[in-house]
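After the structure tokens below, expect a handful of questions from me.
Any read-out appearing in this document is the output of simple, stated calculations on the displayed coordinates, not a laboratory observation. This is a predicted model, so every value here is computed, not measured. Heads up, the Cβs are rebuilt from the backbone with ideal geometry, glycines too, and the neighbour counts pull from every protein chain shown.
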Amino acid sequence: MLESFAGQEYHFHEARRYNLIPEERMDISRHYQQRFELKYGCNPQQQQAAVFSMQGSPLPFEILNGTPGYINLLDALNAWQLVMELDEALDLPAATSFKHVSPAGAAVGVALNDDLKEIYGIEENNLTPLATAYLRARGADPLSSFGDFIALSRNVDRETALLIRKLVSDGIIAPSYDPEALEILREKKKGGFIILQADEDAQPEEVLEYREVYGTVFRQQRNLTKLSDEALLGNLVTRNRELSEEIRRDLVLASISLKYTQSNSVGYALDGQMIGIGAGQQSRVDCTKLAGRKAETWHMRSHPRVSSLPFRDEVGNVERTNARIAFIEGEMTRPERESWLRFFVEDPGELSPQEKATHIERMKGISLSSDAFLPFRDNLDQAVRRGVQYVVQPGGSLRDDLLIEAANEYGMVMAFSGIRLFHH
């Protein structure tokens, strides 16, 4: 239950609090506006877990259903900021699929073509823009999105709720819900599906934010930088400077997604959705490779041999998705392949390296964003293999001239935004 203490104010963001001797330190658990007790923290052995609203303000969400956990709320609050910022920047309904405090996918409400409907297993023709945004966000990396936390930037309608009902997910945060949509979602997970209603007007009063790690308190200004077309793409540094409105949208989408992705991070975007996110790697080129492999897998799902795999009728959607990706990735052990074959009425064989390479060569028009400067041209060498033609990055490396040279060799358009987007 939420507990409120009307009239009590507690200004946690006062550095002097941390200069007091231990017996004089104020206990945060006695000074809050609202408190929500959690079952445990990141792991079961981490007890006494709770969340608190700070500075005399209520929590920026209301719990409509279920019991959120520590990681659920970390996902929800980061995901909510991402979709709010996307909607504000692009004026389109936005969605994200979060897992372990990074987006597995993010997208805006751009209509699906028939090929993508088939890839995503959708037969309906009446998808609303919000449902389309989530379908794109979930479809980017379905293996990672299994059991995700959803954030949607606009009112949840019946069509979107019906789509979500079919998918394995832990919870959702959105600004509001149609009554029918709310009832549909309440039925998920035997009534345990977490439903949070975000307060659209809630904003932390303090510009500064604090974090405590191992008895040490860190302070910084919140990342208030607004990422827009003008902010990101005003400094084009390559000979080729042609950017369509759709490409500008994708570069903004990719950059805002990385703003809420654990660093280092690189993201690939196409047609209003992320198709590959490489997060949390120590080496930037590993981010580029990881995001690129995810983008390749996403693209390979349109290969005729992948889309026409001879599944048994009783095989469910989740198993079909996993089996398709295993077929794309190949290199199964003998026992693994024997287990995999049980999904099919006949052995579909294997994809050859040449079949994969030929299909991947068709990847074109992809946008890439990096949360910090690209230090070496190997990032562009890797990206171009996956159809990347447009790049936005902060710039500021000692080798910027070599990056510009490489981009010009590949006919890319590259912008230096001057904005680093590290997130931890």
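Where does helix 70-90 land angle-wise versus the long Cα axis of the chain, in degrees 0 to 90, nearest 10?
For 70-90 against the chain, the angle is about 70 degrees.
Let me ask something else. Using helices alone, I'd like the mean residue ellipticity at 222 nm for the chain: each DSSP H run of four-plus residues gives -39500 (n - 2.57), total over residue count, nearest 500. Please list the in-between numbers first.
Numbers: 15 runs with 144 residues, N = 424.
It lands at -10000 deg cm²/dmol.
Restricting attention to region 338-423, which chymotrypsin sites (Phe, Trp or Tyr not before Pro) occupy a DSSP loop and are surrounded by at most 15 other Cβ atoms within 10 Å? Spell out each step's value before the answer.
Working: sites: W340, F343, F344, F373, F376, Y390, Y410, F416, F422; in loops: F373, F376, Y410, F422.
Sites meeting the loop and neighbour criteria: F376, F422.
Filter the cross-link list K99/K190; K259/K356; K190/K259; K99/K259; K166/K356 down to pairs whose alpha-carbon distance in this structure exceeds 24 Å.
Correct reply: K259/K356; K190/K259; K166/K356.
Any idea what the alpha-carbon Rg over 2.2 N^0.38 Å comes to for region 61-203?
Values: Rg = 13.6 Å, N = 143, 2.2 N^0.38 = 14.5 Å.
Taking N as the residue count of region 61-203, the ratio is 0.94.
Find the Rg to Rh ratio for region 303-424, where Rh is the Kirkwood radius over alpha-carbon pairs and Rg uses the same atoms. Each step should come with its number before you reach the end.
On the way: Rg = 20.0 Å, Rh = 17.4 Å.
Reported Rg/Rh (Cα atoms, Kirkwood Rh): 1.15.
List the trypsin sites (Lys or Arg not before Pro) within region 34-109 that fall in a DSSP loop (any state other than H, G, I, E or B) and whose Cβ has at most 12 other Cβ atoms within 10 Å. Present the calculation step by step, with values, prior to reporting the outcome.
Values: sites: R35, K39, K99; in loops: K39.
In loop regions of region 34-109 (DSSP not H, G, I, E or B), the sparsely surrounded trypsin sites (Lys or Arg not before Pro) are K39.
For the pair N155 and V168, how long in nm is the line joining their label points, each one 7 Å along Cα→Cβ?
3.4
Let me spell out the model: positive unit charges on the Cβ of Lys and Arg, negative unit charges on the Cβ of Asp and Glu, origin at the Cα centre of region 151-290. What dipole size does that give, in debye rounded to 20? Intermediate values should be presented prior to the final figure.
Working: 19 positive and 22 negative charges, 128 e Å.
In total the dipole reaches around 620 debye.
Next question, about the same structure. Let me know the Rg and Dmax you get for region 304-350 when you use only its Cα atoms, in Å.
9.7, 26
What whole number of Å gives the distance from the Cα centroid of region 211-265 to the Cα centroid of region 325-339?
So the two Cα centres are separated by 38 Å.
To the nearest 10 degrees, how steep is helix 400-409 against the longest Cα principal axis of the chain, on a 0 to 90 scale?
Value to nearest ten degrees: 30.
Here's something else I'd like to know. I want to check the label-to-label distance for A50 and E183. Put each point 7 Å from Cα in the C-beta direction and report it in nm to one decimal.
Each label point is offset 7 Å from its Cα along the Cβ direction, giving 3.7 nm.
State which stretch of the chain is the longest one without any exposed GluC sites (Glu not before Pro), exposure meaning a DSSP loop state and at most 16 other Cβ atoms within 10 Å.
15-122
Another question, then. Just the Cα atoms of the chain, one point each, no solvent: what log10 I(q)/I(0) does Debye give at q = 0.07 Å⁻¹?
With no solvent term, the Cα-only Debye profile gives -0.37.
How far is helix 284-300 tilted, in degrees, relative to the longest principal axis of the Cα atoms in the chain, given as a value from 0 to 90 rounded to the nearest 10?
60
Also, quick follow-up: Per 5 Å bin from zero, what fraction in whole % of the C-alpha pairs of region 137-245 is there, up to the bin with the longest pair?
2, 9, 14, 12, 11, 12, 15, 13, 8, 3, 1, 0
Stretch D286-L224 to full length: gain in nm at 0.36 nm per residue minus the Cα-Cα span? Write down the numbers at each step before the final one.
On the way: separation 62, 0.36 × 62 = 22.32 nm, distance 2.80 nm.
The span from D286 to L224 would gain 19.5 nm if fully extended.
Determine the dipole magnitude for region 246-320: charges of +1 sit on the beta-carbon of Lys and Arg, -1 on that of Asp and Glu, nothing else is charged, the reference point is the Cα centre, and the result goes in debye to the nearest 20.
Details: 11 positive and 8 negative charges, 46 e Å.
With Lys and Arg at +1 and Asp and Glu at -1, about 220 debye.
How much length is gained if the chain between Q34 and R399 is pulled fully straight, taking 0.36 nm per residue apart and subtracting their Cα-Cα distance, in nm to one decimal?
Values: separation 365, 0.36 × 365 = 131.40 nm, distance 5.00 nm.
Taking Q34 through R399 to full extension adds about 126.4 nm, to one decimal.
Under a Cβ-only charge scheme (Lys and Arg +1, Asp and Glu -1), can you give me the dipole magnitude of region 61-203 about the Cα centre, in debye to the nearest 20? List each step's numbers first, then the result.
Values: 12 positive and 23 negative charges, 122 e Å.
Dipole about the Cα centre, nearest 20: 580 debye.
Subtracting the Cα-Cα distance from 0.36 nm times the residue separation, let me have the gained length for S352 to E409 in nm, one decimal. Don't skip to the end; give the middle numbers.
Working: separation 57, 0.36 × 57 = 20.52 nm, distance 3.02 nm.
Going from the current span to full extension adds 17.5 nm.
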